[in-house]
Amino acid sequence: MIKLFDVNEQNWLDIAGLTVRDDQRRFLDSALGIVARGYAYRSCRASVIGIAEDGQIIGVALIRGLDETPACYDLQQFMIDRRFQGRGLGTEALCRILTQLAGERRYDCVEVCVHRDNRAALRMYESVGFIDTGYVDEDAPDCRCLVYRFPDETDGADRLISDFSDPQFRQGFRQYFDELGISVSDWDALFREMDGDGDNAAFIRSAPDGRIVGFLQFRPAAFTSWFFEETCGFIREFWVAPAFRGSGHGSALIARAERYFLEQGMYTAVLTTDTAPDFYTRHGYVRAPGCRAKNGDEVFIKRLA
């Protein structure tokens, strides 16, 4: 599982051994150069973030705050060591960084400047929702300027419901089942069943114009043995409307649910999926070996604390 940590005076030398491939050196500073930049930019609230997988340091990133218009988080450097490339870890780490910044929300967007020849990096940034601004920096004419905008949380964007007679939830859920090709003969009965099925709840995300962006339905799930018990947050259904995909709303919804789980004393999230495993692994979920849902789908878990 990917974890982030602050690079400081006690651990900065642990970053020193990170390197990239020879053909990538012209796009990035060295690992120690990134640490030095963080020190030079300290007046801009710069932070050097270490990236680890299962205790092994695999990368480093540098982010600074830019207060001049347009104000943003500036992702100055992002490096994954050559030994760990090609496994999706860079995308997963980037998603973790975006989720962390979204929770902090000092600015409403993240910008990054990427050389036009660095096609692998461009694909990675675009895959998580960065878009080309069209701006060309006269000091870096060979680079593309990309921006990732955090989903708007104003205008009642996220609502927590436990009453599934909610019209917006019903609208979104019907669209979700239509997309899956699942037909339901009695919708009212289905929603009544949801209401009567324990501690079901859902976060609903709305656009400022009132359209539903998506929802995440969940409930507490207690796992017990003769000696141990743990209550986890079980993500039952999760959907983002096609018009809003690729804009970070899915990441924002799952981060909101995970914060809620922690607030309620649930330190593990669990889900099943047969449609989007890559999305969940990018957000820190791992397959649970030896565990399978009754419908045959794979089970994924994430330790939240």
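The values are calculated or read from the model by the stated rules, or taken from the named source; none is laboratory data. The structure displayed is predicted, hence computed values, not measured ones. Cβ atoms come from the backbone with ideal geometry, glycine included; neighbour counts cover every protein chain shown. Accessible surface areas use protein heavy atoms only, side chains included; no ligands, DNA or RNA. Shrake-Rupley method; radii C 1.70, N 1.55, O 1.52, S 1.80 Å.
Just checking, how many residues over the range 156-187 are within 18 Å of D199 (Cβ to Cβ) and open to solvent by 50 Å² or more (accessible area, probe 1.4 Å)?
5
Quick check: is even one residue across the range 119-126 farther than 22 Å from F203 by Cβ, in contact (Cβ under 8 Å) with a residue 24 or more places away in the chain and open to solvent by 70 Å² or more (accessible area, probe 1.4 Å)?
No; the residues of the range 119-126 include none that is farther than 22 Å from F203 by Cβ, in contact (Cβ under 8 Å) with a residue 24 or more places away in the chain and open to solvent by 70 Å² or more (accessible area, probe 1.4 Å).
So R25 fits all but one of (1) open to solvent by 50 Å² or more (accessible area, probe 1.4 Å); (2) touching a residue at least 40 places away in the same chain (Cβ under 8 Å); what number is the exception?
Against the list (1) open to solvent by 50 Å² or more (accessible area, probe 1.4 Å); (2) touching a residue at least 40 places away in the same chain (Cβ under 8 Å), R25 comes up short only on (2).
May I ask you to list the residues in the range 255-305 that are open to solvent by less than 20 Å² (accessible area, probe 1.4 Å) and among the basic types (K, R)?
K302
Mind checking which strands (runs of 3 or more DSSP E) fall wholly inside the range 190-305 and carry at least 2 residues that are closer than 22 Å to I97 by Cβ, among the small types (G, A, S) and touching a residue at least 40 places away in the same chain (Cβ under 8 Å)?
Working: elements: 201-206, 212-224, 229-240, 268-273, 286-292, 298-303.
Once the strands (runs of 3 or more DSSP E) in the range 190-305 are filtered for at least 2 residues that are closer than 22 Å to I97 by Cβ, among the small types (G, A, S) and touching a residue at least 40 places away in the same chain (Cβ under 8 Å), nothing remains.
Answer yes or no as to whether L180 is aliphatic (A, V, I, L, M), under 29 Å from M124 (Cβ atoms) and in contact (Cβ under 8 Å) with a residue 40 or more places away in the chain.
It is false that L180 is aliphatic (A, V, I, L, M), under 29 Å from M124 (Cβ atoms) and in contact (Cβ under 8 Å) with a residue 40 or more places away in the chain.
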